[in-house]
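See below for the structure under consideration.
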Amino acid sequence: MARKIIHVEAKREMRKRIVRELQIMHGCHSDYIVTFYGAFLNANNDVIMCMEYMDVGSLDRVSRQFGPVRVDVLGKIAEATLGGLTYLYAKHHIMHRDIKPSNILVNSRGSIKLCDFGVSGELINSIADTFVGTSTYMAPERIQGEKYTVKSDVWSFGLSIMELAIGKFPFAASEQLSDAESAPAGILDLLQQIVHEPAPKLPKSDAFPPILEEMIEKCLFKNPDERPTPHELFERDAFVQAAKRTPVDLREWACGLMDRDNRKSHLAPQLSPATQELLRANDSPIFPTQTDGALQTPTSVGPRYGTEQGQAALAAQVDRLYIRDWGHK
């Protein structure tokens, strides 16, 4: 079980109301939604949320550590995210309000699930005030103070999928945010760009099937009336339908991430530059292509290690370098 502690700047009665509102999550039962076990106030009057533990972590973390996500896996992420959004609105009339890679979680069984959806307006406001990153995924209409709809979630979904595809936040101004996250001018410039500049597009590349480009473009229309709903995307979008038809071993993918993460954390501090470079080479993204209405992984992975034989060669090289760096025989 995972516990999330949220510091809420509100009177105790308001905190109690937040906890009551969170109980709505008890009724959410979906393969695409993180299971909620309960919420309470601790001695410091913080809101404590107890939920299913997703041991791989968030897609934000996955992207930062391993770079762009494989397109066949990206299809499954799109399917799960849209499935979760569709379920929340159809069954509970809940809009998520905070779709971003850090709110899409993965576990070692290969399950992909949404967390932190908007059952409590007061809690959302508190989280938005606490985390600068939340506002950067907001749809233009929300930044301008207009009404929130399910199509605002679609903008955030499209932006998140694009970020996972290219391995960085799509708007160019975000490159300066790491040095200026706490500087209001940096955030305001980015929000102005989101509202007034053309929406970002996927780079032209054979790596991205046209149906992925088309889906993201539909999600990032500035006018919310032109965007599809999550349900429309889930049921009719070509990329999502291809993803549904494409078998992907998500358990193997998720466990592979954990294995690489453990190996890096165990070895990286004491490995030689040559060994670290070898490990980085294996992190090159895999980009499946569209084949016969499905998303197919080609036989090349990164520059040198695409085939099973290549992967075996990589493992052998790592073992040899491990022995050299650590002095094992």
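No value in this document is a laboratory result; all are computed from the given coordinates. Just so we're clear, the structure is a prediction, and the values are computed from it rather than from any experiment. Cβ sites come from the backbone with ideal geometry, for glycine too, and all protein chains shown count toward neighbours.
Side notes on the structure shown:
- Taking every Cα-Cα distance in region 25-119 and sorting them into 5 Å bins starting at zero, the pair-distance distribution P(r) comes out as 3, 13, 23, 24, 18, 11, 6, 2, 1, 0 percent.
- Region 67-117: trypsin sites (Lys or Arg not before Pro) in DSSP loop, at most 13 other beta carbons within 10 Å: Arg109
- With a Förster radius of 41 Å applied to the C-beta separation of His196 and His26, the computed FRET efficiency comes to 0.45.
- Remark on Gly57: its backbone amide H falls under 5 Å from those of Val106, a criterion applied only to residues 5 or more positions apart or on other chains, H modelled at 1.01 Å from N.
- One decimal place: the segment Ile48-Ser135 gains 29.0 nm when fully extended, by the rule 0.36 nm per residue minus the C-alpha distance.
- Close amide-amide hydrogen proximity is noted between Ile33 and Leu114, each under 5 Å apart and 5 or more residues distant or on a separate chain (H modeled in the peptide plane; Pro and chain starts excluded).
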